[in-house]
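The values are calculated or read from the model by the stated rules, or taken from the named source; none is laboratory data. Every value quoted in this text rests on a predicted model; they were computed, and no experiment measured them. Here the Cβ positions follow ideal geometry from the backbone for every residue, glycine too, while neighbour counts run over all protein chains shown.
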Amino acid sequence: MNVHQLLEDLIHGERLALAKSITLVESRKAEDRVASTELMILVDKHLQGKLHKASGDQDINGWTMAITGPPGAGKSTFIDKLGIHLVDRGHRVAVLAIDPSSARSGGSILGDKTRMQQLASRDEAYIRPSPSGATHGGTTAVTKEAIDLCLAAGYDTVLVETVGVGQNEIAVSDLVDWTLLLLMGRSGDDLQGIKRGIVEAADMVLVNKADGEGYEPATETQRYYQSALSLFPPHTLSGWKVPCLAISSVQDVGWDSYWRTMKDLNALPQLPDWIHNKRASQRVSTFHRMLSKALLEHWSSSHSTSGYDDLESALRSGQLSPAQAVSERLKVWGFPK
């Protein structure tokens with residue numbers, strides 16, 4: 001594979017090149033690992049080059065936002081409407097829709113692209129559904145790489161729709177600039193919602209489906225969360241208080257408030273430095289994730305895997321504890337106790 005040609009096509013905004021690039025970094029084939037590593041090194045150099053040319057404008061590489069929340073909150077419908085708003089305002093929007101994986105086939109069960117029909121029809125938008133695989137936290141193992149590829153392809157707004165798995169979707173907040181929590185009125189999980197987890201990691205909370213018969217439940221839940229959010233520690237962005245708004249993804253309810261809130265956010269003088277620091281932390285956390293993955297793959301492939309069956313049998317029978325099994329495997333690999 002000619003990685004340099006792929007990068008050139010990617011930078012020129014060719015959709016096929018973006019699709020190929022994401023497929024490459026998602027691949028588990030050994031022969032694709034070298035090419036994907038080379039590609040991401042080049043992509044990082046390109047993005048850092050854009051940043052330095054901007055003379056300190058820290059958000060030159062676009063805006064990345066996660067949309068997370070419980071199943072049924074209407075994340076795909078919200079993204080469809082939000083994406084159309086952004087495209088109509090001259091933005092290029094990429095959506096990374098993380099679908100839950102089939103336990104048998106490993107493929108995606110849902111098809112979020114089919115629920116974003118308006119946005120999918122626009123040339124300025126790109127939608128990529130990806131199976132979550134065995135990764136926890138509502139993302140895939142290479143969501144950060146996919147985000148960077150979208151930015152390199154010229155999409156100035158990247159939206160990540162996480163798997164709707166509940167209150168533990170906090171991993172995505174380490175991958176994006178902004179985390180938006182989408183809820184629904186009277187979901188039956190209000191008491192759970194104000195505990196730690198994704199609510200504490202959220203930079204903004206929206207209560208969706210505030211229309212028709214859902215308007216009163218949505219506004220009631222909005223008031224509930226507004227009160228609960230006041231009990232949380234101050235946001236790390238100085239001058240920002242996490243808002244909770246009621247909104248409708250099928251009507252225009254709440255959208256004026258949403259855009260005013262985003263305008264207030266962009267007016268904060270501390271925002272560029274805050275994003276810069278957050279992205280610096282993202283680079284460090286990405287290093288730790290990639291290093292852990294590389295070490296595991298290296299030791300699994302280059303060292304003897306004999307004895308695994310015996311270990312598993314001993315675990316199943318109760319002869320060994322999981323901790324003992326790990327100790328035995330580390331001895332085989334030559335690690336000290």
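Structure notes:
- If you check Asp32, Asp44, Asp9 for being of a type in the set (D, E, K, R), surrounded by 17 or more Cβ atoms within 10 Å (Cβ to Cβ) and at pLDDT 90 or above, only one passes: Asp9.
- Residue in the stretch 116-136 that is at pLDDT 85 or above, farther than 19 Å from Leu82 by Cα and under 12 Å from the mean Cα position of the chain (by Cα) present: no
- Within the stretch 139-170, the set of residues being modelled with pLDDT under 85, crowded, with 23+ Cβ neighbours inside 10 Å and more than 14 Å from Ala73 (Cβ to Cβ) comprises Thr139, Thr140.
- All positions within the stretch 66-110 that are surrounded by fewer than 18 Cβ atoms within 10 Å (Cβ to Cβ), out of contact with any helix residue (DSSP H, G or I) (no Cβ under 8 Å at 6 or more places or on another chain) and modelled with pLDDT of 85 or more: Gly72, Asp88, Arg89, Gly90, His91
- Unmet requirement for His276, which otherwise passes all of (1) over 34 Å from the mean Cα position of the chain (by Cα); (2) touching a residue at least 40 places away in the same chain (Cβ under 8 Å): (1)
- Restricting attention to the stretch 250-268, the residues that are surrounded by fewer than 13 Cβ atoms within 10 Å (Cβ to Cβ) and under 15 Å from Thr77 (Cβ atoms) add up to 1.
- Residue in the stretch 171-190 that is over 23 Å from the mean Cα position of the chain (by Cα) and either modelled with pLDDT of 95 or more or assigned to a helix (DSSP H, G or I) (or both) present: yes
- Of the candidates Tyr224, Tyr258, the single residue that is closer than 21 Å to Asp211 by Cβ, under 23 Å from the mean Cα position of the chain (by Cα) and without any contact (Cβ under 8 Å) to a residue 60 or more places away in the chain is Tyr258.
- Scanning the stretch 227-249 for residues that are over 24 Å from the mean Cα position of the chain (by Cα) and part of a loop (DSSP other than H, G, I, E, B), we see that the one that is surrounded by the fewest Cβ atoms within 10 Å (Cβ to Cβ) is Leu231.
- Condition check for Glu216: outside any loop (DSSP other than H, G, I, E, B), farther than 16 Å from Ala73 by Cβ, modelled with pLDDT under 90 and among the acidic types (Asp, Glu): no
- Taking the criterion of being of a type in the set (A, V, I, L, M, F, W, C) and outside any loop (DSSP other than H, G, I, E, B), the residues of the stretch 250-271 that qualify are Trp255, Trp259, Met262, Leu265, Ala267, Leu271.
- Where Trp299 falls short, out of the listed (1) assigned to a helix (DSSP H, G or I); (2) at pLDDT 80 or above: (2)
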